[in-house]
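The values are calculated or read from the model by the stated rules, or taken from the named source; none is laboratory data. Please read all numbers here as calculations on a predicted model, not as lab measurements. Heads up, the Cβs are rebuilt from the backbone with ideal geometry, glycines too, and the neighbour counts pull from every protein chain shown. Areas reflect the complete protein model, heavy atoms only, side chains present, ligands, DNA and RNA absent. Shrake-Rupley method; radii C 1.70, N 1.55, O 1.52, S 1.80 Å.
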Amino acid sequence: MTREDVPMTPFAKLYYSDEMVQKYQPLVTAIELLTETDGKDEEVQKDYDRHLKIYRSMDWCSSYEGKKYDIVFYGVSGYTGYLMMEYLKRVALKKTPEHFTFAFAGRTPSKVEEMRDREFGGTKWEDTPVMQMSYDDIYSVIDLCKSAKTIINVAGPYMLTQGDVMIDCCIHLGVHYLDISGEVPWSLRVLDLHECAKEAGVHVIPSSASAGGYPDLGVYLMAKKMRAEYGEELRKAICYQSGGGAAAGASGGTLATRSAMATAGDDVRKKMADPFSMGGFVPDRDRWGVKYCNIEFGTGKVTPKMRGEDLDANMSKISEDKRLGIWRGPFVYSYFDTRIVRRSNMLLADLGDRPYGRNFNFMEYAMLPTEAVMQMQAARGAGGGGGAGGGAGALGGRPKSFWRRRPRAIEALPMVSVRQCWTSWSGQLSASAPGRPRHSAPSQWTSKGWLCRLAWHVALPCVWTLLAPAGATRWRF
């Protein structure tokens, strides 16, 4: 076995290291004999191949001998884990006609067991298995992946973990993977495993929740409708987000994620600022070809220039959509969701020749509440600002109650209060998603999407790693 035999991906670097290989003595002995005979002894070669197969199967180092669960939920001791268990208890386990098996896992099993006992005590699921997994223990990573057909990872902030080791192990063992991330740095790390997942036939779907998931699915449905009824591709799609409720705010995990991204290094921040960091670049072209280019001074390197309509600056100011007659402003996930949708457009084009549109443009905004708009207009009329043109100046300032509210953690918010929060998605071409509890959306969407996949057993037309779930669930829409 040589280094060239195995791509040095995150898990492979640990598992195929000299230190790890030395722990499986039969393979070490087989390698020594193979070296001594210069590979000319057939029996020695067969012995080496047999032990190498065992090593790659990871059976020699795994202590897991239990059943293989349809879904294992990892990192469910916190707030998102609470929402996940609530959804399972209230909806999935009661209303899903197809039977599925599941287990829980976490770094500290006692915390997961405490959450399980609180949520499932007195039910037939009160003894749901709980497993332990820690990234600094490669044996526990292997055992966890061997126990599952699918792993849903809800332990963030993802960019601060070694989650790519788990994903890579899933790929090696043929286990599907999902998470509820909304982090550009994490998504870019996962991109490195795209080809490995494709070759293994494994679905790796980060951002399979409200961040990335809903806008991408909405665009897919609009593109499908446009083709069916008009025979045309999408040229432009705009997503408007609105939300509120008595207990509106951000969870502690969300605030931790925002803090991690805000303190990232310059290289990471530069990638986060690139509208096409995940792919899907569309140059400005006409019938004669690319219209505008950038020429790098000193090297003469020519690159197509980004279209003005794709710039993030378009989403960073308050403006009016005159076609719909609404005011809009920056939305917290605009600079993530746009990347996801553009990547899906690229993947659908490259792997299926069915893009949303070959000249596609996508933007996302927060829809300003009517009362906020009225307040700003009143301030303008009273001389509190103004000025010609669009943007914030046209409305005379931003109400502190809406735009400058300090993020508030709602880590311990009970389900009865969560149901009073809501978020809805809408887009031009009359596509919309009804309002639903914002904080429970990630757990609902991730679980529903993969339960559909398990129940229908429908093969995708092509195998890929997606950064949003639209392509992974699209055969049923």
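The lone criterion from (1) in a loop (DSSP other than H, G, I, E, B); (2) surrounded by fewer than 13 Cβ atoms within 10 Å (Cβ to Cβ) left unmet by residue 43 is number (1). Considering segment 352-372, and only residues there that are out of contact with any helix residue (DSSP H, G or I) (no Cβ under 9 Å at 6 or more places or on another chain) and not in a strand (DSSP E or B), the residue that is surrounded by the most Cβ atoms within 10 Å (Cβ to Cβ) turns out to be 359.
Taken together, the residues in segment 315-338 that are surrounded by fewer than 16 Cβ atoms within 10 Å (Cβ to Cβ) and either over 28 Å from the mean Cα position of the chain (by Cα) or of a type in the set (S, T, N, Q) (or both) amount to 6. Scan segment 26-33 and tell me whether some residue there is touching a Pro at 6+ places or on another chain (Cβ under 9 Å), of a type outside the set (A, V, I, L, M, F, W, C) and either in a helix (DSSP H, G or I) or at pLDDT below 95 (or both). No: segment 26-33 contains no residue that is touching a Pro at 6+ places or on another chain (Cβ under 9 Å), of a type outside the set (A, V, I, L, M, F, W, C) and either in a helix (DSSP H, G or I) or at pLDDT below 95 (or both).
Which residue, of 201, 231, is surrounded by fewer than 24 Cβ atoms within 10 Å (Cβ to Cβ), free of Cβ contacts under 8 Å to residues at least 60 places away in the same chain and small (Gly, Ala, Ser)?
231
Scanning segment 76-99 for residues that are part of a loop (DSSP other than H, G, I, E, B) and open to solvent by 20 Å² or more (accessible area, probe 1.4 Å) returns 77, 78, 96, 97, 98, 99. Taken over segment 313-335, the residue count meeting the criterion of being part of a helix (DSSP H, G or I) and out of contact with any Ser or Thr (no Cβ under 8 Å at 6 or more places or on another chain) is 4. Going through segment 137-178 one residue at a time, which ones are of a type in the set (Val, Ile, Thr) and under 13 Å from residue 203 (Cα atoms)? Residues satisfying the conditions are 150, 151, 152, 167, 171, 175. Whether any residue in segment 291-298 is assigned to a loop (DSSP other than H, G, I, E, B), touching a residue at least 24 places away in the same chain (Cβ under 8 Å), of a type outside the set (Lys, Arg) and open to solvent by 50 Å² or more (accessible area, probe 1.4 Å) is what I want to check. No; the residues of segment 291-298 include none that is assigned to a loop (DSSP other than H, G, I, E, B), touching a residue at least 24 places away in the same chain (Cβ under 8 Å), of a type outside the set (Lys, Arg) and open to solvent by 50 Å² or more (accessible area, probe 1.4 Å).
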